[in-house]
Amino acid sequence: MDSSKLPSGSSEFSPYFNNKTEFLLFCWIQKHNISTNAYDNLVSIINDPQFKQEEVVTNIQRFRNWRQRLPLLPITARTVSISPKKTPSTFPTSKLAYYLSINDIIWYVLNNPSIIKHMYFGPGINAKIKSEFWHGSLWAESPLFGQEDIIISQVKYRVGSFIYYYQSSIQKLGFLRAIQRDETNQTILKVQQLVFYEELPGNLKGTSRQRRANSGEVWILDENFVIINPSAVLRKVKVKLPYLNQPLTPGELNVKEIIYKYKNYWKIRDVNMSYLHPAHYISTNNPPTSSIPVYKLFLDIYYDDFGTYRNVYYSLGGVYIQFGNMPANLRKLVKNHFVIGFVPFRGNFDEFMCPFVEELKQLEKGKIMNVQGRDVWVVAELGVVTADLPQGNDLAGVLRHEA
C-alpha cells in the first residue's frame, strides 16, 4: 500500500480515516452494500439547510407506520385483449391492465389543501384574454361545469331557455346561452339573438318565409351573441325547436332556420345542422340540500406513450387525468398529471377505458364527498381528451401511414 495516499491526521482512526464520521459511513456502506445513488441521496439530505440532527427518527418502525397515512391509492387489475397486429405469434391474446379509481384521485385532490386552494369552481368568466378552461364556451354553457340558473325578480331562468330582453330600450328576443361573470366579478348573461321576419336581410325575405312567420316562425342568428345585465331581462318566452321533438301548435314561436354571414353575404341553413346546446341534452341532479357546497370538476383525460420507453417495442400507454379547475400554470406541471393506469402494448384502449366511463357516468349525476371535514356535492365530467398524434389517431380511428 502506498503510504503517501493515507490520511496524515492523528485521530484514533488513523492512518485509514480522518475522523469517526468517515469510518462509520464506510462501515455502513460496506455492510449494507449501499449504491452510489442511495449514498448521493443521503448526502443531499444531510447537507439540506433544513436538516436537523435532533429531528432524526431513531425507530424505523415509525416510518412504516407513517406510510399507512400517505395517500397511497388501491390498485385494481382487469384483463384487456391484445391486438395481434405487430405482435409476435407467441404473444398472449390478453394481458392484465392496472389502474386507479378516478373517485379516489378526486377525493385525495380535493382533500389536499395545497391543491384545492388554487382550484376554481365558479361560473364561466367572460375574459378578453382566454387562457383558462373557465374562459371558454363549454364551461360557461354546460350545466356540468358552469352556472345553470339565475333568479331575476323572483323568477328562475335556466341556460338553454328563451327570453325577452331590452337592448337600447328596444324589446328583443333571445336565447340564453350562458350565465357568466365579467372580469370585475359582475354577473352577466350571454344571449344569442333571434329575429322576426321584419328584421330579416332583404335577400332572405320572400312569400314563403312571410307565410311561415305569420304562423310563429322566427330565425336565430348564428354566432351573434350579445352580453346583457340580468336587469335587462323582461320575461320568459316559449320557443319550440324541432330537433328537440317538441310538439308544435299553430301560432307558437318556433325556429327552423339559422341565419349566418359568409363572405359578407347573408345565408341560411336548417336549424337541425346546429350543434345542440349542452342544456338540451344534459340533465343534472340537485344536491340533497341547497346549503351544501357544490364542486363541479372539469376533467381532462390525457393519453400518451410512457415517455421513458417511447421507443421500446413493448411500450406502455400512459393514461392520466388533469383538472381543468386548476390554472394553466399549475396544470402543466408533471406533479399535477394524475396517472389512472397504463395500457399494455397493443392493448384494446376501449376495453381499458370501460371502468373509467362507468365512473364518469356516476360522477356526472353527482355524489356526496367529505372534503376538508365537511360534506360537499361533487359533480365531475369529461371536458376534453388530450393525446399526442399517434394516440390521437388511434382514438379517432385514423389509420397510420404504414397501415
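The numbers here are math on the coordinates, done by the rules we state, and not lab data. Keep in mind that this is a model prediction, so the values were computed, not measured. Cβ coordinates were reconstructed from backbone atoms using ideal geometry, including for glycine residues, and neighbour counts include every protein chain displayed.
Sort 119-128, 132-141, 92-101 by packing, meaning the average of other beta carbons within 10 Å per residue, with the highest value first.
On the way: 119-128: 17.0, 132-141: 20.9, 92-101: 15.0.
Going by the mean number of other Cβ atoms within 10 Å, highest first, we get 132-141, 119-128, 92-101.
Using modelled amide H (1.01 Å from N, peptide plane; none on Pro or chain starts), what sits under 5 Å from the amide H of Glu364, excluding residues fewer than 5 places away?
Ala380
Can you list residues whose amide H is under 5 Å from Ile152's amide H, if they're 5+ apart or on another chain and H is modeled 1.01 Å from N?
Amide H to amide H, under 5 Å and 5 or more residues apart or across chains, Ile152 pairs with Tyr157.
Mean projection of the alpha-carbon convex hull of segment 314-391 over all orientations, in nm²? Write down the numbers at each step before the final one.
On the way: hull surface 26.6 nm².
Dividing the Cα hull surface by four gives the mean projection, 6.6 nm².
Could you state the orientation-averaged shadow area of the convex hull built on the Cα atoms of segment 122-185, in nm² to one decimal?
On the way: hull surface 20.5 nm².
Averaged projected area of segment 122-185's Cα convex hull equals 5.1 nm².
Once you list every other residue whose beta carbon is under 14 Å from the beta carbon of Asp182, what net charge do they have if Lys and Arg are +1 and Asp and Glu are -1?
Values: positive: Lys128, Lys130, Arg181, Lys190; negative: Glu183.
Spelling it out: positives minus negatives among the neighbours equals +3.
Residue by residue, what Karplus-based ³J(HN,Hα) values in Hz, rounded to whole numbers, does segment 257-263 have, using 6.51, -1.76 and 1.60 with θ = phi - 60° and x for Gly and Pro?
Calculated HN-Hα couplings, in order: 9, 10, 9, 8, 10, 9, 6 Hz.
What residues qualify as long-range amide H neighbours of Gly146, i.e. H under 5 Å apart, gap of 5 or more or another chain, H built at 1.01 Å from N?
The answer is none.
When only DSSP loop residues count, what trypsin sites (Lys or Arg not before Pro) in segment 189-280 have their Cβ near at most 14 other Cβ atoms within 10 Å? Walk me through the numbers before you get to the answer.
Values: sites: Lys190, Lys205, Arg209, Arg211, Arg212, Arg235, Lys236, Lys238, Lys240, Lys256, Lys261, Lys263, Lys267, Arg269; in loops: Lys205, Lys238, Lys263.
Sites meeting the loop and neighbour criteria: Lys205, Lys238, Lys263.
Computed from the coordinates I sent, log10 I(q)/I(0) by the Debye sum over Cα atoms at q = 0.11, 0.14 Å⁻¹ equals one of (1) -0.80, -1.24; (2) -1.02, -1.29; (3) -0.94, -1.29. Tell me the label.
(2)
Kindly work out what percent of the DSSP beta bridges joining two residues of the chain are antiparallel, to the nearest 5.
Once the DSSP bridges in the chain are tallied, antiparallel ones form about 75 percent.
Take the Cα coordinates of segment 8-143, assign each an equal point scatterer, and use the Debye formula without solvent to give log10 I(q)/I(0) at q = 0.10, 0.16 Å⁻¹.
Each listed q maps to, in turn, -0.82, -1.08.
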